[in-house]
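Working notes, beginning with the structure itself.
The values are calculated or read from the model by the stated rules, or taken from the named source; none is laboratory data. As the structure is a computational prediction, the values presented were derived from the model and not from experiment. Here the Cβ is made from the backbone with ideal geometry for all residues, glycine too, and neighbour counts use every protein chain on show.
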Amino acid sequence: MFGRHKKKADGRETHVSVDATLEGDVAKVEQSVDDYLHDPTDDSRRSLLAALEALDAQTAQSDAYGASIVGSGALGYAWKGDVVGETSLDPLVDEVPSAELAAQFELVKAAKAEVRGPTPATFAALQGAVTVLAGTRGERPQR
């Protein structure tokens, strides 16, 4: 779901519909990662862990909604699942370039690896994920 990159016939990248709450939680993780990389202390690591836990809770809520019969075709509704991270029939949606969404996913994976067991390698991977994400946005990573 996060890793699919599709381009339109004219070569432009497509956008993915993402639940705005999920995208907001990802933005909080991004900010916590930036804070942690600038000041890798126990406090900033705990803040990063809290942001990751909030994202996990939102993802679990989306998974539960996806597995439920609410809004399913069995009840006469249109197909649900068109919005990544949706938790209701009428989610607020952000349109995110697919490459950016994939980079956000990699950033979250790198952040989880860092908080599980910080090593020089996991820290470097986290820095690399920030650089890749910034590149998808045409930005330079903040250092």
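Here are the numbers:
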item: Number of the condition not met by residue 93 [criteria: (1) at pLDDT below 95; (2) within 23 Å of residue 139 (Cα to Cα)]; result: (2)
item: Looking only at the range 93-127, and only at residues there that are outside any strand (DSSP E or B) and charged (D, E, K, R), the one that is surrounded by the fewest Cβ atoms within 10 Å (Cβ to Cβ); result: 116
item: Cβ-Cβ under 6 Å pairs, at least 6 apart or on other chains, the range 99-113 side within 12 Å of residue 132 (Cβ to Cβ) and touching a residue at least 60 places away in the same chain (Cβ under 8 Å), far side in a helix (DSSP H, G or I) and of a type in the set (Val, Ile, Thr); result: 99/136; 104/26
item: Filtered residues of the range 25-50 (kept if free of Cβ contacts under 8 Å to residues at least 40 places away in the same chain and aliphatic (A, V, I, L, M)); result: 27, 50
item: Residues that are within 11 Å of the chain's Cα centre (by Cα) and β-branched (Val, Ile, Thr), drawn from the range 15-70; result: 18, 21, 26, 29, 59
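Rundown of residues vs (1) out of contact with any Gly (no Cβ under 9 Å at 6 or more places or on another chain); (2) farther than 15 Å from residue 23 by Cα, yes/no style:
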| residue | (1), (2) |
| --- | --- |
| 86 | no, no |
| 92 | yes, no |
| 111 | yes, yes |
| 115 | yes, yes |
| 119 | yes, yes |
| 127 | yes, yes |
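Each row is one residue, and each column tells you yes or no for (1) surrounded by 12 or more Cβ atoms within 10 Å (Cβ to Cβ); (2) in contact with a Lys or Arg (Cβ under 6 Å, 6 or more places away or on another chain); (3) more than 30 Å from residue 126 (Cα to Cα); (4) at pLDDT 80 or above.
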| residue | (1), (2), (3), (4) |
| --- | --- |
| 49 | yes, no, no, yes |
| 56 | yes, no, no, yes |
| 61 | yes, no, no, yes |
| 65 | yes, no, yes, yes |
| 69 | no, no, yes, no |
| 74 | no, no, yes, no |
| 78 | no, no, yes, no |
| 83 | yes, no, no, yes |
| 88 | yes, no, yes, no |
